[in-house]
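Colleague: Input: one structure, supplied below.
Readers should treat all values here as calculations from the given coordinates under stated rules, not as data from a laboratory. These numbers were taken from a predicted model, which means no experiment stands behind them. We place every Cβ from the backbone using ideal geometry, glycine too, and count neighbours over all the protein chains shown.
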Amino acid sequence: MAYDRAPAAGPAHRSTGAGPPGLAEDRTFGRVLLDLDADAGLLTVRGERVATAELRRAPGAPAAGHVPVGTRDGAYLHLSVDGRPAHLTPAKGRLTRRSHRVEVIYGGAVYRLRPDSPNGSRLVKEGRRIADFSSDGAGHVWADWHPDVAPPLPEDAAIGYALATAFGTGAGPAWRLLVQAALDRVR
């Protein structure tokens, strides 16, 4: 997989105060701003050629440090794209790669971000793989849009970047996660 690995600025914003948002350089969509305030549970994705996506964690919702947006519980999350609501369903994020998937229904289309390697995830729309996303865990996100599908839409980019930034990408194989869990219990 060849990702657009050219972040022009620092990682997605992760502090309690105002600060410069992260920036992804996308070959198809140009500059994509990724503004994540993990403490407040707010992520905004925007750009000149990208729809604006906003993902909010409900006030008072319990926050988990291992999830960039603070939770994988869909009951505490609200996603909108260009001001229109989207239905968000994150899986629990347990031992299997499949448990790290995130599903969105927006504009009548079903999107899924599914891990397919330790560091990467595929974005699937209506059952067709449209992009591969990768993140480094420090807020940088890269996308590789598949040339064999119709040109991606601005909302495709907004949803893909929002999910990759809010929940991260990739997941290790189940056997490795089981070994890590066992080692964590021993420590």
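Colleague: On a full-extension model of 0.36 nm per residue, what is the gain between ALA40 and ARG27, subtracting their alpha-carbon distance, rounded to one decimal in nm?
Modeller: So the extension gain works out to 1.6 nm.
Colleague: Along Cα→Cβ, 7 Å out, is where each label goes; now give me the distance between the ones at ASP184 and ARG49 in nm to one decimal.
Modeller: Roughly 4.0 nm, to one decimal.
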